[in-house]
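Accompanying notes for the structure given below.
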């Protein structure tokens, strides 16, 4: 009688190999940040300022005291949701450029619930505003999902176009039927939300940031522990193989962009309820696009989104301090962010400079080909 052979764990399952894989996956993003800061330092020198004092002021403005840390967390919170939104779509091989439109729709609808439904207790008002904001983002994400699944329209084109539609609709609402009618107000904005809709803080930590951390856990669980997450990743890797395996590629495509839109909408809702206190065009500008940088810097990892968003949030929070203390133009920070995105997206540049070999799983596939549906 043949004896059963012992099961030998594969090298990929050993803790040491897992640790090595994590370090390797984090290497390129870390180097991208370092290279971007170095080039930023050169630009600062050329502008006539001291890069050490400039970066020191940037750090003080981001983490120098409790108020600075709170400001950094506030800036990072919508970026965590936006980074999760873009990363989630990436897992299905989709590039959601429409996170900005989904975010501002979530922001304005949450603001509307916040000022229109007065008299509700906070335990009802806050979840209701968050729910409506998330649902509006999901709706706006579902439109390109349906177009992609049933007509083959590429999501990059449709989400970009829907951003402009969202901009104009929210501009109309905040300057028309939902405009703040307070005496003396001449700008386009909604009324301030009721106190019962404002997100509180849990000690020094805003509730919105806690919700963002919960969202990271939920998204990670959905991607790596649920059957739908397996189907999502399979469709992202090879939609044809997923189809032949009996998976509904259309359903996965639609749901991926619906969930992605919901995450972006929640980010906008939390920005309105926890930071701005109302919706005003311009308050949320660029958050959805910066989320792409966050997702790439995180290598589309849900947990990686947290440090990536905190980094970008810190850079944004400390810009004013750097400008006032060192005389450095705030556009320098935008240049550094753009360089980070460049080095992460075009990591072949870093690999060539440092002679780093590309390993399996190091590359991030942004989207399916233009001709695929």
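Which residue out of 129, 122 is more than 23 Å from residue 302 (Cβ to Cβ), crowded, with 20+ Cβ neighbours inside 10 Å and in contact with a helix residue (DSSP H, G or I) (Cβ under 6 Å, 6 or more places away or on another chain)?
That would be 129, the only listed residue that is more than 23 Å from residue 302 (Cβ to Cβ), crowded, with 20+ Cβ neighbours inside 10 Å and in contact with a helix residue (DSSP H, G or I) (Cβ under 6 Å, 6 or more places away or on another chain).
Filter the range 276-305 for residues that are within 17 Å of residue 105 (Cβ to Cβ) and surrounded by fewer than 22 Cβ atoms within 10 Å (Cβ to Cβ) and give the result. Full working, then the answer.
The first filter runs over the range 276-305 and keeps only residues within 17 Å of residue 105 (Cβ to Cβ), leaving 276, 278-289, 291.
Hits for the range 276-305 are 276, 278, 280, 281, 282, 283, 285, 286, 289.
Which numbered condition in (1) within 29 Å of residue 198 (Cα to Cα); (2) touching a residue at least 24 places away in the same chain (Cβ under 8 Å); (3) under 22 Å from the mean Cα position of the chain (by Cα); (4) surrounded by 15 or more Cβ atoms within 10 Å (Cβ to Cβ) is the only one that residue 165 fails?
Tallying (1) within 29 Å of residue 198 (Cα to Cα); (2) touching a residue at least 24 places away in the same chain (Cβ under 8 Å); (3) under 22 Å from the mean Cα position of the chain (by Cα); (4) surrounded by 15 or more Cβ atoms within 10 Å (Cβ to Cβ), residue 165 fails exactly one: (4).
Against the definition (on the phi < 0 side of the Ramachandran plot, in contact (Cβ under 8 Å) with a residue 40 or more places away in the chain and assigned to a loop (DSSP other than H, G, I, E, B)), how does residue 188 come out, yes or no?
yes
So how many residues does the range 94-113 have that are under 19 Å from residue 249 (Cα atoms) and surrounded by fewer than 24 Cβ atoms within 10 Å (Cβ to Cβ)? Explain how you work it out, then say what you get.
Taking the range 94-113 first, the residues under 19 Å from residue 249 (Cα atoms) are 94-96.
From the residues that got through so far, the ones that are surrounded by fewer than 24 Cβ atoms within 10 Å (Cβ to Cβ) too are 95.
Result for the range 94-113: 1.
Applying the selection to the range 65-97, what residues are without any contact (Cβ under 8 Å) to a residue 12 or more places away in the chain and either outside any helix (DSSP H, G or I) or closer than 30 Å to residue 220 by Cα (or both)? Break it down into steps so the answer makes sense when it comes.
Initially, the range 65-97 is screened for residues without any contact (Cβ under 8 Å) to a residue 12 or more places away in the chain, giving 65, 67.
Scanning the range 65-97 gives a single hit, 65.
Please verify whether residue 128 is assigned to a helix (DSSP H, G or I), more than 19 Å from residue 84 (Cβ to Cβ) and free of Cβ contacts under 8 Å to residues at least 24 places away in the same chain, treating the condition exactly as stated.
Yes.
Read the figures in this text as sums done on the coordinates, not as results from a lab. Since the model is a prediction, treat every value here as computed from it, not as a measurement. In this analysis, Cβ positions are derived from the backbone assuming ideal geometry, glycine residues included, and neighbour counts consider all displayed protein chains.
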